[in-house]
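Working notes, structure below.
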Amino acid sequence: MTKSLILFLGNRILADDRIGLIIGEMLKRTLEAEGKDVEIVEETGFSLIDHLEGREDVTIIDSVMTGTHRVGEIVTLEPGQFQHLSPFSSHYGGIPEAIELMRQLDLEAPVYLRLIGIEVEDPYVVSTKMSDKLEGEVNRIADAIHVAISRSNVDAVPNALIEHGFS
């Protein structure tokens, strides 16, 4: 297995869903200077297998819309919570299925998986502009995500919990 991966997800044509891409672009150089592998992608579902395979530790950063947090708040989720978010994100529906397919195909799935969500107003509005609430929080969000990623090695969740959460 290779070293850890920080994976920023998003979609440039969806207003608030782009936040993962923007934060990834803001933090990429800093994180790479700290020795981390960083990828910024607009892929979903099974396409993520190419990024996850052979990685021991993966931290995913993406938008979430739980409706229980204020816009711009950082939400750390355990793998068992991913399925509960599938209706609220354009990406999470495929992560549990991608991990399960990796197991069935005997591919090396991540040993540790963590999701850092950014609460958004609406990830489904087609627009080239983020909501005003989220746009005003971008610098604070980037700082908070950097701190959360720095802690991710300490807080990583073993793959056994992923298996339990998805069964």
For Glu135 and Phe46, what is the calculated FRET efficiency with R₀ set at 35 Å and r taken between the beta-carbons, to the nearest 0.05? 0.65
Amide H neighbours of Val58 at under 5 Å, excluding residues fewer than 5 places away on the same chain, with H built from the backbone geometry, are Leu5, Tyr112, Leu113, Arg114
According to a simple spin-label model (label point 7 Å from Cα along Cα-to-Cβ), what is the distance in nm between Asp122 and Arg12? 2.3 nm
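We did not get these values from a lab; they are worked out from the coordinates using the rules stated. Note that the structure is a prediction, hence the values are computed from the model and not measured. Every residue, glycine among them, receives a Cβ derived from its backbone with ideal geometry; neighbour counts consider all protein chains shown.
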